[in-house]
Structures are given as structure tokens and as C-alpha cells.
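What follows is a single structure, written as C-alpha cells, with notes after it.
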Amino acid sequence: MEQSFQLLTIFLILGSACAHIGGFGEQPLSKIAIEKATLNLHDSASVKAFPPVIGLQGEDTQWVTVALEYPNPAADDWVGVFSPAKFNSATCPPVDDPEEQKPYICTAPIKYKYAKDSNPDYTKTGKASLKFLLINQRADFSFALFSGGLSNPKLVAVSNFISFANPKAPVYPRLAQGKSWNEMTVTWTSGYDINEAIPFVEWGIMGELRTRAPAGTLTFDRSSMCGSPARTVGWRDPGFIHTSFLKNLWPNVVYIYRMGHRLVDGSFIWSKFYSFRSSPYPGQDSLQRVIIFGDMGKGERDGSNEYSNYQPGALNTTDQIIRDLNNIDIVFHIGDLSYANGYISQWDQFTSQVEPIASTVPYMVGSGNHERDWPDSGSFYDQNDSGGECGVLAETMFYVPAENRAKFWYSTDYGMFRFW
């Protein structure tokens with residue numbers, strides 16, 4: 001009997017040649033000269049954030065309101081979101097010379113907005129109320145009002161601290177095909193070290209008994225970065241990245257899963273439930289619906305980081321894939337993933353953005369110049385495009401079935417096809 005097969009591939013081409021036009025490849029946080037910030041606290045200025053505790057129902061994303069008042073308003077006043085909430089010089093890394101003066105602030109905010117964004121009359125009234133969409137990033141948050149614009153920031157006032165109910169919760173699962181067709185990997189991020197809790201995935205065929213698979217844990221520190229800003233103002237603790245291997249899957253079957261951590265006292269921390277459909281049997285007569293694209297980046301749903309000027313296509317592409325997810329089997333994001341460019345906090349933002357996709361279908365990634373390139377680091381191009389990440393973030397945050405993940409060369413089988 002003659003065997004037939006079909007491959008439906010939708011290419012969303014955001015070519016690298018166009019990626020740097022109009023600031024697309026630029027990281028907006030790089031515009032902030034945070035290391036030049038000076039202290040200029042004003043007794044009559046105030047910043048208040050609420051609610052003080054978020055994620056009370058297990059949410060990993062929630063809106064917060066920031067109300068501010070300043071008697072000397074200007075059009076270039078801005079509010080930065082800092083996490084961890086404490087960001088003064090006490091958090092700066094040691095300096096080589098004891099007499100060398102530390103900057104007052106040595107870490108960039110995770111996002112920012114101009115104070116006038118929500119109130120065109122801010123320069124007259126000195127009052128504004130801003131909305132920020134926060135994601136769980138393993139630490140508390142504070143909001144700081146600066147005058148002097150982005151290039152000459154002066155710290156005017158700092159808000160109260162707010163936090164997720166469980167900042168360490170397991171979040172943002174990323175599926176990937178394993179090294180065999182009937183293996184799925186689940187990678188996620190949490191604040192739990194293996195000395196504090198044992199990571200695992202509980203999984204099984206929908207409607208049947210579930211089993212548990214252990215997970216390995218990776219992390220890295222500032223010394224793993226190749227240069228600035230990843231090693232300096234862009235550094236942020238990445239938490240712990242866990243990967244579990246779900247083996248011997250039945251072909252073309254829906255599985256449910258959730259991530260868990262068993263604490264030392266015997267209690268459990270759980271994520272919400274997710275689901276995926278396993279790969280068809282190799283050679284099975286089937287339709288493979290594949291999305292392949294590159295150079296997407298991330299966008300801000302709350303309009304922060306001057307969203308309209310930076311990567312507006314990122315959310316458009318993400319949302320279109322989410323709308324079509326029932327008609328997609330596997331996704332290949334072939335490089336230039338987050339455009340974090342050395343601002344480590346943006347990788348959490350990116351994994352949150354793609355979570356509806358990556359938690360449901362395999363999200364296979366490649367390494368681009370904005371993940372890997374750094375002078376004298378072994379990258380193909382001797383450029384600064386990774387912002388000092390030199391591939392560490394991409395190869396740690398996402399699993400790929402490569403013999404050497406640092407090289408990012410791999411193949412994977414799905415249904416009738418082998419992808420190289």
C-alpha cells in the first residue's frame with residue numbers, strides 16, 4: 001500500500017537582516033544610564049504601590065497600580081521597576097580597589113515607564129497613576145521615581161515593597177522533544193535550590209493514573225557571563241532551571257503534567273496543570289503542522305519600556321501562534337530569542353510571554369547572534385550582540401537534544417520528519 005504524508009509548515013520570517021532596523025535589535029533598558037544615578041530624595045515626593053501581596057490565587061502574572069506625587073514634575077520623569085526591591089549600593093559586587101567609589105545603583109530596572117504616560121497633565125499636576133503587569137521572578141519589587149531622564153537619572157522617591165505570595169513557585173514550563181521520538185522534556189524555573197526542595201514532574205495520560213519523574217537542576221552566577229551588561233548592570237539572579245525527562249510516551253496521545261517541589265518537611269509546592277500531545281509514531285501517516293521563525297524578541301503588555309518603539313511584532317507573533325495553537329504540533333524558534341542582550345531579567349519576561357505556547361507544544365530553539373556573539377568567546381561572529389551572555393542563558397533556560405548544548409547543533413524526529 002502506498003504511504004502518504006503531509007507537512008504543513010508556516011514560516012514567520014522576521015529576517016535577521018531587518019532585525020536591527022529601527023531599533024528592533026536594541027534592548028531598551030540599555031538606554032538607562034543607571035550607573036550614573038544620583039540620590040536626590042524629595043520629602044514631598046511619594047510613590048505607593050498596591051496591592052502589597054499578589055498571586056494569592058496562585059497567579060504568576062498580575063497587574064499592580066503605582067500612584068506617585070512630585071512637586072517638581074518634568075516631562076522626562078520616569079518610574080523604574082526594581083526586583084529585588086532593595087537596589088542601593090549595598091547590593092553592588094565588591095570592587096577591586098577599596099577606595100574605588102561604588103555607584104549608588106548598580107543594577108538596571110526590569111522595566112520602566114514615563115510618569116506622564118498615564119496623565120498628559122502630569123507636568124502640571126505632579127500626579128500620576130501607572131499600571132504595571134508583573135510576573136513572578138523569585139523576588140520582591142519596588143518602584144522608584146527618577147528625574148533627569150534616562151541619561152542623567154536622579155532618584156527622587158522609592159515605593160513600598162510588594163511581593164508574590166510565593167516568589168519561589170515553579171513557573172513558565174518549556175517543552176522540548178528529547179533525544180528520542182517518544183521522549184518529552186519539561187524545563188521550568190523556580191526559586192528552589194535542590195538543598196531546599198526536590199524538583200519533579202507529575203504526569204500521565206489524561207484520565208489515567210499519573211507517575212512522577214525527577215528533574216535535574218542548573219543555574220549560573222555572574223562569573224559565567226562574558227562581559228557587560230550581563231556581568232554588571234544587567235545581572236540578575238536567574239534562579240534555578242529544572243528539566244525532567246518524560247520517557248516511553250505512547251504516540252499521538254494527550255498527556256497532562258504539573259511541576260512539583262518536595263520540601264524538606266515533606267510538603268509539596270505545585271504548579272497548575274498543563275497538557276501536551278505526544279509525537280506521532282515515526283513513519284505514521286499523519287499531518288505535521290510546524291511553525292518556524294526567528295528574531296522575535298519580547299514585548300511588554302503593559303506598554304512599558306516604550307513598547308511601541310521596540311519589537312512590537314513580538315507580541316503580535318506570539319498572540320497569533322496562541323490563537324492558532326490547536327492547529328500547531330511543534331515550534332522552531334531558530335535564533336535571536338529574547339533580545340535580552342545582557343539584561344538577565346528579560347529572560348523571565350520572555351519565558352512568561354511564550355508560556356502558553358511552550359507549555360503546550362515542543363518549543364525547539366536555536367542560537368542566534370543575540371544569544372551567543374561575544375569577542376574571543378568562540379562565537380562565529382566577533383561581535384558584542386549577546387551583551388555578555390555568550391550563549392549561557394539560551395542553553396540553560398531551554399533544553400535542546402544536543403550532545404553538546406553549548407554548540408546548539410542537534411536533530412529531532414517528529415512524525416514523518418527529521419529536523420536538523
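The values are calculated or read from the model by the stated rules, or taken from the named source; none is laboratory data. Predicted model only: the values in this text are computed from it and were never measured. Here Cβ is always computed from backbone atoms with ideal geometry, including for glycine, and neighbour counts include all displayed protein chains.
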(request) Pick out the one residue from Phe417, Phe380 that is more than 19 Å from the chain's Cα centre (by Cα), surrounded by fewer than 23 Cβ atoms within 10 Å (Cβ to Cβ) and modelled with pLDDT under 85. (result) Phe380
(message) Can you tell me which of (1) of a type in the set (A, V, I, L, M, F, W, C); (2) within 20 Å of the chain's Cα centre (by Cα); (3) more than 23 Å from Arg236 (Cα to Cα); (4) outside any strand (DSSP E or B) is the one Trp181 doesn't meet?
(response) (2)
(request) Select from region 74-105 the residues that are over 18 Å from Leu41 (Cβ atoms) and at pLDDT 80 or above and write down the one among them that is farthest from the chain's Cα centre (by Cα). (result) Ala75
(request) Check whether at least one residue in region 308-318 is more than 30 Å from Ile194 (Cβ to Cβ), in the same structural domain as Gly227 (by TED's automatic domain parsing), at pLDDT below 95 and assigned to a loop (DSSP other than H, G, I, E, B), and report yes or no. (result) yes
(request) Output the qualifying pairs, or none if there are none: Cβ atoms under 6 angstrom, residues six or more apart or on different chains, first residue in region 121-134 and at positive phi, second residue of a type outside the set (Asp, Glu). (result) Gly126/Tyr70; Gly126/Pro71; Gly126/Pro73
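Sort out which residues of region 278-296 are of a type outside the set (A, V, I, L, M) and either surrounded by fewer than 16 Cβ atoms within 10 Å (Cβ to Cβ) or under 25 Å from Ala169 (Cα atoms) (or both), and write them in order of number.
Tyr281, Pro282, Gly283, Gln284, Asp285 - these are the residues of region 278-296 that are of a type outside the set (A, V, I, L, M) and either surrounded by fewer than 16 Cβ atoms within 10 Å (Cβ to Cβ) or under 25 Å from Ala169 (Cα atoms) (or both).
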(message) Among (1) under 16 Å from Leu133 (Cβ atoms); (2) assigned to a helix (DSSP H, G or I); (3) of a type outside the set (Lys, Arg); (4) touching a helix residue (DSSP H, G or I) at 6+ places or on another chain (Cβ under 8 Å), there is one condition Asn305 misses while meeting the rest; what is its number?
(response) (2)
(message) For a quick check of your reading of the model, give me the residue pairs whose first member lies in region 231-243 and is touching a residue at least 60 places away in the same chain (Cβ under 8 Å), whose second is surrounded by fewer than 20 Cβ atoms within 10 Å (Cβ to Cβ) and of a type in the set (A, V, I, L, M, F, W, C), with beta-carbon atoms closer than 6 Å and at least 6 apart or on different chains.
(response) Ile241/Leu218
(request) Just need a number here: residues in region 341-364 that are farther than 25 Å from Ser30 by Cα, touching a residue at least 60 places away in the same chain (Cβ under 8 Å) and not charged (D, E, K, R). (result) 7
(message) For the structure I just gave you, tell me whether Glu300 is crowded, with 17+ Cβ neighbours inside 10 Å and under 18 Å from Tyr399 (Cα atoms).
(response) no
(request) Go through region 195-225 and give me each residue that's hydrophobic (A, V, I, L, M, F, W, C), in contact (Cβ under 8 Å) with a residue 12 or more places away in the chain and out of contact with any Asp or Glu (no Cβ under 7 Å at 6 or more places or on another chain). (result) Ala197, Ile198, Phe200, Val201, Trp203, Ile205, Met206, Ala213, Ala215, Leu218, Phe220
(request) Considering only region 30-144, give the strands (runs of 3 or more DSSP E) lying wholly within it that have at least 1 residues that are outside the structural domain of Asn160 (by TED's automatic domain parsing) and in contact with a Leu (Cβ under 9 Å, 6 or more places away or on another chain). (result) none
(request) Under 7 Å between Cβ atoms, at least 6 apart or on separate chains: pull out the pairs that start in region 74-98 with a residue that is under 30 Å from Asp121 (Cβ atoms) and end on any residue that is hydrophobic (A, V, I, L, M, F, W, C) and at pLDDT below 95. (result) Phe87/Ile105
(message) With the requirement that a residue be in a strand (DSSP E or B) and within 30 Å of Lys127 (Cα to Cα), what does region 150-178 give you?
(response) Lys154, Leu155, Val156, Ala157, Val158, Ile162, Ser163, Phe164
